[in-house]
Every structure is written in C-alpha cells, then in structure tokens.
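Here is the structure we will look at.
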Amino acid sequence: MLAVKRSTYKAFVYLPNLLRIMRWPNLLIIVLTQYLTAIFLIGDLHQWRYYLTDLKLLLLCISTVLIAAAGYIINDYYDIKIDYINKPHKVVVGKIIKRRVAMFIHLTLSSLGLLIGIAISLWVGAVNFFAIFLLWLYSNQLKRLPFLGNFAVALLTAATVWIVAVRYQQFNDYVYMYALFAFAITLIRELIKDIEDLQGDSNFGCKTIPVIFGIRKSKQLLYLIVTIFIISIIYLINKLSIEHLYSYMAIFLLPMAYFVYRLVKADAKKNFSYLSNFCKLLMIFGILSMVFFK
C-alpha cells in the first residue's frame, strides 16, 4: 500500500515537471502550425475535413512533437550547470527528474518520432533523423558557439512547416514564405535568449554572440535581422499578389515596431525575457495569418 502511494506521488510530481521541460505550449504551437499549413497553404479549403482526419498528418504531428519534446529534454540535460545560474527556479533535470531518467525519456521519444516518420515515408523519416541529430548536436556543442546554435534552432523551426510539404509532396511559395517567417522569428528569439542568458553562458565558457561582442553589438545585429526579415516578407507578399495580406502585414508591423522599441530600451535581463516571450506572440500572430490564404 505504501509503495502504491509513493508511486502515485512520484507520478504527480513527475508529470507536471516533465510537461514543463517538454515546453508543452511550444508543442501545441507546432501542432497548430502543421495543421494550418496543410489546410490553408497546401490543400483545398473545401477539403478541410480530409486533412483533419488524415491519419498520416496526425502521425506527422505526433512524430514532430515527440522529437521536439526530446530536444527540449536533452537541452536541459546538458545545460544543468548553466541553468542553475540563468534560471535556478526552473531547473528540473537533475533536481526533480534524475539525469538518467531524462536521458531515457529523450531516447525513447526520439526513437518513437523516428519510427513514426519512417512509417509515413522514407523522406519524412530522413527529415526526422536529421532533426534528431541536429537537436543533439545543438545541445551538446552548437549552442555554445557563435550564431551556429541560433541558426540550427531557427532551421529546425522552419522545418516544422516544410516537412508538411514533404508529407504531401507539394511545395509552393506560400510554404517557403512561412518557413522563412518561422526561421526569422526564431532566430531573433534565440539571439535575445542568448542576451538573457549572458551571465551563465559567460561563466561556463560559451562563445555566444553576446558573450563575444557584448549586448550593444548583439542588439545591432538584431536590428539588421529584423530589417531584412520585414523587407523579405513584404517582397514575398508583393510577389504572391495576395491583396488581403497587405492589410494583415500592415497590422503585423505595429507589434513589430513595438518590439523594436522595447529592444532599443532593453538593458536588463527581465527586459530581454519579456522580448523573448513577445516573440512567441509574434509567431502565433504570423501563423494565424495562414487563414487569409483561402
């Protein structure tokens, strides 16, 4: 009886914390992104029921979510010491969940994600394998190097859109535009997170852009990326000649302008933490614009 109570207690403690290190809100965004991509960018809107009931699309979302969750876990696994400095109140791996348990869960989720991907198609399986490898490489090495880690995460985020086109073997400019959008917003957010984590990264020898060049030059790089991003999106919208997206883009520029204003003023960790969370809102705002394509 006592053993059962202990098991129940561990389950109550483990599950919320496991969901926490898996970043479950981000996983929900992935699911939303992939279904909207299938329905509004690739498919015919009149066939929306087909996509909602497509077993392979469901499996694709599950495999992507499993791999992403595994990536978050392995990232926390390698970042225990750094996280004790940057965000000690959020440390789970090594504190609540044992490291070997975290590694076992990571391997299990990654393996399931890969197998499901292969079951969908060899192409999806290949993309999933690449994502698993890149997530491990990022957590183990790339995130401690200037820009390479940021680029890797941004590339993987863009792949959540692109892999839907791989599933249906239908590639178009709409998919490429939203993949670019996901890439750019993630790249901006990752650079902001590096500024936010400057102290811990510096103490443990990470060579991120803020560690090497400082906050001021890192912000200048962000201004450049934001400018290139906005120009690129306006160019693509103009090329695609989707009139109702002009209005949406005009509205989107308002939170982007606010973001730049807050970035200019930012000089403390809490300011960059706010901007990091604000990027998530920009991502959701951009994803929802897919409904204007049909």
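Of the residues that sit in the range 99-154 and are assigned to a helix (DSSP H, G or I) and of a type in the set (Ser, Thr, Tyr), which one is surrounded by the fewest Cβ atoms within 10 Å (Cβ to Cβ)?
Taking the range 99-154 and keeping what is assigned to a helix (DSSP H, G or I), we get 99-120, 122-140, 142-144, 148-154.
From what is left, the residues that are of a type in the set (Ser, Thr, Tyr) are 108, 110-111, 138-139.
Values: THR108: 12, SER110: 24, SER111: 14, TYR138: 24, SER139: 22.
Filtering the range 99-154 for residues that are assigned to a helix (DSSP H, G or I) and of a type in the set (Ser, Thr, Tyr), the one surrounded by the fewest Cβ atoms within 10 Å (Cβ to Cβ) comes out as THR108.
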Would you be able to say whether some residue in the range 82-98 is over 22 Å from ARG189 (Cβ atoms), without any contact (Cβ under 8 Å) to a residue 24 or more places away in the chain, within 17 Å of the chain's Cα centre (by Cα) and open to solvent by 70 Å² or more (accessible area, probe 1.4 Å)? no
Scope the range 31-74; condition more than 23 Å from MET283 (Cα to Cα) and in contact with a Ser or Thr (Cβ under 9 Å, 6 or more places away or on another chain); matching residues: LYS56, ILE74
Just for helices (runs of 4 or more DSSP H) wholly inside the range 1-74: which have at least 2 residues that are at pLDDT below 85 and of a type outside the set (Asp, Glu)? 2-21
Report the residue count in the range 94-116 for those that are over 15 Å from GLY71 (Cα atoms) and either touching a strand residue (DSSP E or B) at 6+ places or on another chain (Cβ under 8 Å) or modelled with pLDDT of 95 or more (or both). 2
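A quick yes/no check of all residues on (1) free of Cβ contacts under 8 Å to residues at least 12 places away in the same chain; (2) more than 29 Å from ILE132 (Cβ to Cβ):
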| position | (1), (2) |
| --- | --- |
| TYR178 | no, no |
| ASP197 | no, no |
| LYS217 | yes, yes |
| ILE233 | no, yes |
| ARG262 | no, yes |
Test set (1) open to solvent by less than 20 Å² (accessible area, probe 1.4 Å); (2) polar (S, T, N, Q); (3) out of contact with any helix residue (DSSP H, G or I) (no Cβ under 7 Å at 6 or more places or on another chain) - GLN220 fails condition number: (1)
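Residues ILE233, ILE251, ILE209: which one is open to solvent by less than 40 Å² (accessible area, probe 1.4 Å) and modelled with pLDDT under 90? Before you say what the answer is, go through the steps one by one.
Values: ILE251 fails: open to solvent by less than 40 Å² (accessible area, probe 1.4 Å); ILE209 fails: modelled with pLDDT under 90.
Going through ILE233, ILE251, ILE209 in turn, the sole match is ILE233.
The values are calculated or read from the model by the stated rules, or taken from the named source; none is laboratory data. Since this is a predicted model, take the numbers as computed values, not measurements. When we count neighbours, we look across all protein chains shown, and the Cβ atoms used for this are built from the backbone with ideal geometry, even at glycine. These accessible areas exclude ligands, DNA and RNA; they are computed on the full protein's heavy atoms, side chains included. Shrake-Rupley method; radii C 1.70, N 1.55, O 1.52, S 1.80 Å.
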